[in-house]
Amino acid sequence: MAVAPSSHTKPTFVLVSGAWHGTGYWAKVVAGLESEGYRVVPVALRSASPDPDITFLDDLTAVRDVIRGEVTQGCDVVVVAHSFGTVVGASAIKGFAASSKLRADNGQSGKTAITGDGTGVQNGHVIGFVAVGTGFMPTGVCFLQALGGKPPPLWRFSSEPLVTTDDYDVDDDGENTTKAFATIRVSARDALYNDLPTEEGEQWVERLVPQSAGTIAQGDEHVYAGWLDVPSWSLITTEDRAFPPEDQKASSQAARDAGANIWGEEIEASHSPMLSRPVETAEFLRRAAVAFGEKAAASQRK
């Protein structure tokens with residue numbers, strides 16, 4: 001059995017939330033990881049807000065700023081992303097993985113110059129990526145394009161910042177990408193929290209926030225397959241009604257076929273295992289961090 005790294009070598013977890021969510025739904029997982037001595041930084045997408053002008057680049061910048069803050073302090077980072085947040089989280093890895101760096105020519109042994117999207121000199125790197133209840137987007141393909149150009153049954157485009165709607169005719173053609181928001185047009189409790197008690201699930205529905213559509217339907221020029229730069233793990237949610245498990249598995253296999261190093265495991269949970277199975281989710285992330293750390297250490301010894 002792998003032994004957890006000592007506290008001073010443990011990486012920072014950067015937890016990227018999905019669409020419509022803040023950071024609160026990570027709370028139990030954060031507590032579990034912090035109890036094991038890990039630093040954890042949850043990040044909400046800026047597009048999860050009533051502001052229709054937020055873009056994919058705004059989301060990307062928010063996550064990259066957090067990663068940059070960690071690696072420039074010498075911390076290694078594990079990026080964990082849920083649902084739509086996976087597109088942003090993977091893209092944010094660009095330039096921060098050891099494999100994608102250019103070595104500094106300034107005589108600073110062991111340091112790496114951040115070039116391109118990064119700035120400054122860093123001692124830490126992104127050492128791994130974890131996708132929760134989702135798939136893997138290739139470089140240059142935005143989320144909507146990956147869905148074939150139309151929203152799935154879960155949501156439709158809306159001109160109003162509605163989180164959910166009972167109006168099943170709202171933009172029913174699903175093609176009007178000029179609309180400003182993505183609105184859930186099925187039971188959000190059933191789609192996102194179907195394995196939670198009804199009352200608890202409804203409480204989380206009440207905490208959902210509007211979601212800008214621009215970050216979903218645009219931004220392809222900023223999408224990057226960061227999962228090719230680092231080892232990746234996938235937590236496949238077998239009771240998922242928002243992103244079917246068979247689609248998650250197919251996406252993981254397509255990423256492997258593209259050259260990714262992906263380890264996948266299944267969990268009997270809805271789309272939100274951080275709420276219904278927080279202990280198991282935290283343990284999965286801890287094991288991923290140990291595996292990533294071992295790979296990074298082995299690479300440095302070569």
Original post:
Only one of (1) at pLDDT below 95; (2) under 30 Å from PHE181 (Cα atoms); (3) of a type in the set (A, V, I, L, M, F, W, C) is not met by ALA4, so which one is it?
Top reply: (2)
Original post:
Does ALA254 satisfy the criteria of being assigned by TED's automatic domain parsing to the domain that holds THR23 and farther than 19 Å from MET137 by Cα?
Top reply: no
Original post:
Among the listed residues THR86, THR23, which satisfies the condition of being assigned by TED's automatic domain parsing to the domain that holds ASP229 and touching a Leu at 6+ places or on another chain (Cβ under 9 Å)?
Top reply: THR23
Subject >> Filtered residues of segment 153-173 (kept if surrounded by 15 or more Cβ atoms within 10 Å (Cβ to Cβ), at pLDDT 85 or above and either aliphatic (A, V, I, L, M) or under 20 Å from PRO244 (Cβ atoms) (or both)) >> reply: LEU154, TRP155, ARG156, LEU162, VAL163
Subject >> Cβ-Cβ under 6 Å pairs, at least 6 apart or on other chains, segment 181-193 side in contact (Cβ under 8 Å) with a residue 24 or more places away in the chain, far side of a type in the set (Val, Ile, Thr) and part of a strand (DSSP E or B) >> reply: ILE184/THR164; ALA188/THR164
**OP:** For segment 261-291, name all the residues that are crowded, with 20+ Cβ neighbours inside 10 Å and in a loop (DSSP other than H, G, I, E, B).
**Re:** ALA269, SER270, HIS271, SER272, ARG277
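Residues are listed down the side, and each one gets a yes or a no for (1) among the hydroxyl-bearing types (Ser, Thr, Tyr); (2) farther than 20 Å from HIS125 by Cβ; (3) at pLDDT below 95:
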residue	(1), (2), (3)
VAL29	no, yes, no
TYR38	yes, no, no
ILE54	no, yes, yes
LEU57	no, yes, no
THR61	yes, no, no
ASP65	no, no, no
VAL71	no, no, no
VAL88	no, no, no
GLY95	no, no, no
Original post:
Of all residues in segment 25-40, which are of a type in the set (Asp, Glu) and either touching a residue at least 24 places away in the same chain (Cβ under 8 Å) or on the phi > 0 side of the Ramachandran plot (or both)?
Top reply: GLU36
Original post:
Is there any pair linking a residue in segment 45-65 that is more than 19 Å from PRO210 (Cβ to Cβ) and without any contact (Cβ under 8 Å) to a residue 60 or more places away in the chain to one that is of a type in the set (Gly, Ala, Ser) and surrounded by 16 or more Cβ atoms within 10 Å (Cβ to Cβ), with Cβ under 7 Å and at least six apart or on different chains, and which?
Top reply: VAL63/GLY89; VAL63/ALA92; ARG64/ALA92
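The values are calculated or read from the model by the stated rules, or taken from the named source; none is laboratory data. These figures come from a predicted structure and were not determined experimentally. Positions of Cβ are backbone-derived with ideal geometry, glycine not excepted, and every protein chain shown enters the neighbour counts.
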